[in-house]
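The values are calculated or read from the model by the stated rules, or taken from the named source; none is laboratory data. Nothing here was measured: the structure is a model prediction, and the numbers come from that model. Backbone-built Cβ (ideal geometry, glycine too); neighbour counts: all protein chains shown. Heavy atoms of the whole protein, side chains included, go into the accessibility calculation; ligands, DNA and RNA do not. Shrake-Rupley method; radii C 1.70, N 1.55, O 1.52, S 1.80 Å.
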Protein chains: 2
Amino acid sequence: MPLPQTEMPGRLQAYFSERGIRMTQQRRAILRVMETASKHLDAAQLLRKAKKLDPQVDRSTVYRTLRLLKRQGLIDELDLMHLNGEKHYYERKLNRDHIHMACLRCGKIMEFVSDVFDALKGEVERDCRFHIVVSRLEIGGYCAACSK
Amino acid sequence: MPLPQTEMPGRLQAYFSERGIRMTQQRRAILRVMETASKHLDAAQLLRKAKKLDPQVDRSTVYRTLRLLKRQGLIDELDLMHLNGEKHYYERKLNRDHIHMACLRCGKIMEFVSDVFDALKGEVERDCRFHIVVSRLEIGGYCAACSK
DNA sequence: TTGCTAGTTGCAATTCAGTCGCATCTGTAT
DNA sequence: ATACAGATGCGACTGAATTGCAACTAGCAA
């Protein structure tokens, strides 16, 4: 069974060339990190990992590339309930939107996919005649283990 | 018909005294602004308005009071899709959670209350055994007028 | 009323994420 | 190979938010 397209390695780079967006050494490194990251990198972590692939990568290039990826709708920006300061976290946008839950006690981040969430977005589009481009549902609280 | 408790003027101050939280001149000014604000103040706006009631109010007191209000679950923190920079916005937590929609073109902020949203949170609590303390759904896109 | 003290405040310095201007460099179309 | 639009690195900068500390004060107890 093939992976969904958006999970294929190299998908971000492919997107760039399809759209005629210039591919540079630095972007290659940054995209590779985004593609292979397990989850939720902040800009500083992304910079550190990208530097390992290409020591030339600069902080401002990371931010500029993140802005580009956001504008292309290829990544989502999260703040994970500001559990660790004001910085933002990034993850590849996959096929299906999901909810993020952050445990206020242990700091664990959980994800949850739900038809009800999709239905809610449909309701907003219909009832409010609002065309959704990006949505973010973040929940803070206590996970099963920490609730006891 | 009486207003719901959380919309009664003085409710925040009442909460403070009930909990034995010390009431100061400065806090009184800040709480009054939060209570009477129509919507979505950022910290700088809140400071400006509070200074009009009590010129003594300092920026750090505003931030410290906001932190206190957040911890008490009396206000919600939003970023409104970063339409205007990285600052945060605050609003009193009312009886019913609502969704925030931000138009990426005209900047209008809309709110939407939905049973489906409540159902979704119920689903998260049940299926993930996650005890929700705070939740935030922010949507970016195009409003009816700007979609045309 | 007075005095006590834990909690609060103002201030200035600081942190920290993110942005910008500009000279230089490079990917890509020709 | 060449040209040039677009991308980069660097350091300075911005703006939101935090902090350390001395001075102040709300609220309580006597």
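The figures follow:
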{"quantity": "Counted residues, region B:1-34 - those being at pLDDT below 95, more than 13 Å from DNA strand D (Cβ to nearest atom) and open to solvent by less than 30 Å² (accessible area, probe 1.4 Å)", "calculated": "2"}
{"quantity": "Count of residues meeting criterion [touching a Phe, Trp or Tyr at 6+ places or on another chain (Cβ under 7 Å) and not in a helix (DSSP H, G or I)] in region B:21-53", "calculated": "4"}
{"quantity": "Residue in region B:68-77 that is open to solvent by 50 Å² or more (accessible area, probe 1.4 Å), within 16 Å of DNA strand C (Cβ to nearest atom), within 8 Å of chain A (Cβ to nearest Cβ) and within 21 Å of residue A:100 (Cα to Cα) present", "calculated": "no"}
{"quantity": "Residue in region A:44-61 that is β-branched (Val, Ile, Thr) and at pLDDT below 95 present", "calculated": "no"}
{"quantity": "Subset of region B:101-129 (residues that are within 7 Å of chain A (Cβ to nearest Cβ) and β-branched (Val, Ile, Thr))", "calculated": "B:116, B:124"}
{"quantity": "Meets criteria (more than 7 Å from chain A (Cβ to nearest Cβ) and out of contact with any strand residue (DSSP E or B) (no Cβ under 6 Å at 6 or more places or on another chain)) for residue B:148", "calculated": "yes"}
{"quantity": "Top-ranked residue in region B:35-58 [being farther than 17 Å from residue B:89 by Cβ and not basic (Lys, Arg); ranked as most open to solvent (accessible area, probe 1.4 Å)]", "calculated": "B:56"}
